[in-house]
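Please read the structure below before turning to the comments.
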Amino acid sequence: MFKSIDDIDMQVQGAAAIAANPLLLSLPDSKFSKEKLVQWREYVAEIDWVPDLGVDIGSAAWFRGLLTLTALCGFAFSSLPDFGPIAGHRADPLSGYRADQARSQMIAPLAYGSDTGIRMAATDAVRPLAESPERPSIELVATLGRGDSLHRVLQRAGVASDEATQVNDLVSGAVSLGDIRPGTKIDVILGRRPAKNQARPLDQLAFRARFDLNLEILRNGGRLKLNRKPILVDDTPLRIKGSVGSSLYRSARAAGAPANAVQKYLQIIGAKMSVSRDIRSTDEFDIILSYRRAETGEVEVGDLIYAGLERGGKPAAQMLKWQSGDRTNWFEASGVGQSNGELARPTNGRITSSYGMRRHPILRYKRMHSGMDFGGGYGAPIYAVTDGTVIHSGRKGGFGNYVRLQHGGGLASGYGHMSRIAVSNGARVRRGQIIGYIGSTGLSTGPHLHYELHRGGRPINPQSVKFVERAQLGGRELRNFKGELQKLQRVEPGAALSALKSASSQVEPEREINRLNKPLTS
């Protein structure tokens with residue numbers, strides 16, 4: 001009644017094999033018995049259609065596996081869905097008038113230097129003007145140049161000559177015209193002119209006359225009036241302190257000191273001690289500059305007014321710039337300073353040999369030494385003792401490289417054994433100017449300067465003339481000097497960079513402000 005599972009399985013497989021091969025279906029049934037189907041099924045089952053392609057490369061089984069893989073990949077690619085764009089509504093391209101309208105609104109012409117938009121041509125409703133209207137006012141900025149005058153600047157800006165003269169008189173009554181710095185910007189507003197053949201009237205003029213003063217000129221009732229506008233200014237000096245470290249110059253620059261102030265500081269301190277030998281890395285420099293800061297934000301950095309050096313918390317050098325009479329000089333804290341004497345020292349070295357008879361160190365016999373010898377390192381600068389003219393510059397026997405200066409009153413000075421000469425014949429030199437450098441040329445046992453002085457062509461003892469004379473403050477001037485020194489030492493480092501002081505401590509009394517703001521009328 002029931003067939004075995006093997007029989008059913010065999011019949012199914014045989015039918016599948018016959019269905020898979022249409023050629024078998026076309027053959028007569030007599031040739032395919034049950035045994036033939038079983039044999040064919042076993043043959044097909046024994047074939048490995050998916051062999052390992054990494055084994056037996058190049059064999060028949062390997063190519064059969066490659067064929068199977070190729071067929072499967074082809075079937076997979078043929079089954080991929082279509083990801084192409086979905087067709088939708090497509091607008092017709094613009095043409096004619098509409099294309100011209102769209103093109104006129106494009107930004108592409110801007111890349112070629114053109115513009116966009118439609119320009120309408122003039123119609124019959126447009127009437128040409130008989131003359132173009134003038135601007136009611138003109139605003140411009142004029143700049144005061146070097147060697148220029150306020151009157152000429154205003155005339156170049158278009159101000160009438162008589163009004164430029166009025167402005168010049170008004171400004172000169174408030175501030176000296178020489179105090180107006182070159183480069184000052186002047187804002188000018190010119191009004192409407194009554195006729196084209198006349199200059200425009202000046203309606204308004206404003207500029208910064210000084211660091212602490214703005215000036216404004218306005219037309220009021222047909223007349224020009226000047227208004228002063230004072231600017232609050234904080235004049236607290238700028239104090240900069242810091243450690244010397246490996247380089248005094250670099251440390252001071254890193255602390256914020258200007259380059260010219262640091263150079264001046266080194267020059268002042270160098271007159272008291274050797275910068276390279278006497279100043280230690282643990283010392284502290286103290287620099288004070290004149291400094292002004294306006295309420296509008298501008299700053300004005302002035303000159304060096306104090307140069308100090310501290311060692312271990314105690315002052316090693318204190319030099320203050322002070323005006324005594326009609327001369328300005330640098331003074332120590334004790335009130336002693338240097339002033340211009342008859343002659344300056346030719347170099348900073350010490351005296352190693354004086355004027356007079358001596359045994360020559362090379363020739364080994366006594367002869368007259370007609371000058372003084374100053375010791376110093378090789379290449380140290382040599383200075384002119386006073387103003388003069390170079391009458392000899394070059395080699396001169398045993399003096400080696402030699403320079404001779406002719407001064408007034410029959411006085412002449414000579415400098416020998418130079419390593420290098422810095423002036424030429426006929427040149428004019430100033431007192432303290434470098435004329436050469438210490439060396440050992442000529443008959444010399446080592447680097448030094450031979451300095452000699454002549455009067456009327458005959459050598460004289462240079463020690464008979466003082467190189468410099470010392471200035472000493474005393475009395476009320478000394479008290480004022482020390483008071484100023486104490487005032488500067490109370491200034492905190494960086495205090496000038498803080499905000500302005502209160503107006504009550506900076507501005508003048510109210511009656512003075514009212515006087516300054518009172519307009520001047522031309």
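Among W330, W49, W40, a tally of other beta-carbon atoms within 10 Å of each Cβ gives an order, fewest to most, of W49, W40, W330. Rounded if a/c is under 1.5, else prolate if a/b beats b/c, else oblate: with a ≥ b ≥ c from the C-alpha gyration tensor eigenvalues square-rooted, which is region 351-467? Taking the square roots of the gyration eigenvalues as a ≥ b ≥ c, region 351-467 is oblate. Net length available on complete extension from K34 to S114 is 19.5 nm, with 0.36 nm assigned per residue and the Cα-Cα distance removed. Converting phi to 3J(HN,Hα) with the Karplus coefficients 6.51, -1.76 and 1.60 and the offset θ = phi - 60°, region 293-302 yields 10, 8, 5, 7, x, 6, 10, 9, 8, x Hz in sequence order, with x at every glycine or proline. Taking label points 7 Å from Cα along the Cα-to-Cβ direction, D124 and L72 give a separation of 8.9 nm. Using a 7 Å offset from Cα along Cα-Cβ at E298, what residues in region 134-150 end up with backbone N under 19 Å from the label point? Residues 140-150 qualify, since their backbone N sits under 19 Å from the label point.
When the C-alpha to C-alpha distance is required to be over 32 Å, the pairs from K264/K487; K229/K264; K272/K396; K185/K482 that qualify are K229/K264; K272/K396; K185/K482.
Of the trypsin sites (Lys or Arg not before Pro) found in region 83-119, those that fall in a DSSP loop while having at most 12 other beta-carbon atoms within 10 Å are R90, R119. Region 101-170 and region 252-282 have their alpha-carbon centroids 55 Å apart. Were the residues from V275 through D148 laid out at 0.36 nm apart, the gain over their Cα-Cα distance would be 41.3 nm. Under the classification rounded if a/c is under 1.5, otherwise prolate if a/b is larger than b/c and oblate if not, where does region 138-230 fall, given a ≥ b ≥ c as square roots of the Cα gyration tensor eigenvalues? Note, shape of region 138-230 comes out prolate. Once the chain from S246 to R192 is taken as fully extended at 0.36 nm per residue, the excess over their C-alpha distance is 12.7 nm. Shape analysis of region 33-99 places it in the prolate category; the axes a ≥ b ≥ c from the Cα gyration tensor give an a/c of at least 1.5, with a/b above b/c.
Take the Cα of N168, step 7 Å toward its Cβ, do the same at E139, and the gap between the two points is 2.9 nm. Can you give me the C-alpha center-to-center distance between region 447-465 and region 284-330, rounded to a whole angstrom? Value for the Cα centre distance between the two parts: 38 Å. If R0 is 51 Å, what FRET efficiency do you get for R103 and S176 from their C-beta distance, rounded to 0.05? According to the calculation, E is roughly 0.20.
Loop-located GluC sites (Glu not before Pro) in region 257-310 (DSSP state not H, G, I, E or B) with no more than 15 neighbouring Cβ atoms inside 10 Å: E295, E298. Among the trypsin sites (Lys or Arg not before Pro) in region 154-244, those placed in a DSSP loop whose Cβ has at most 10 other Cβ atoms within 10 Å are K196.
Rg and Dmax of region 253-328, based on Cα coordinates, read 14.2, 45 Å. Distance between the pseudo-spin-label points of N425 and S353 (7 Å out from Cα toward the beta carbon): 2.8 nm.
The numbers here are math on the coordinates, done by the rules we state, and not lab data. Note that this is a predicted model, so its numbers are computed, not measured. Cβ coordinates were reconstructed from backbone atoms using ideal geometry, including for glycine residues, and neighbour counts include every protein chain displayed.
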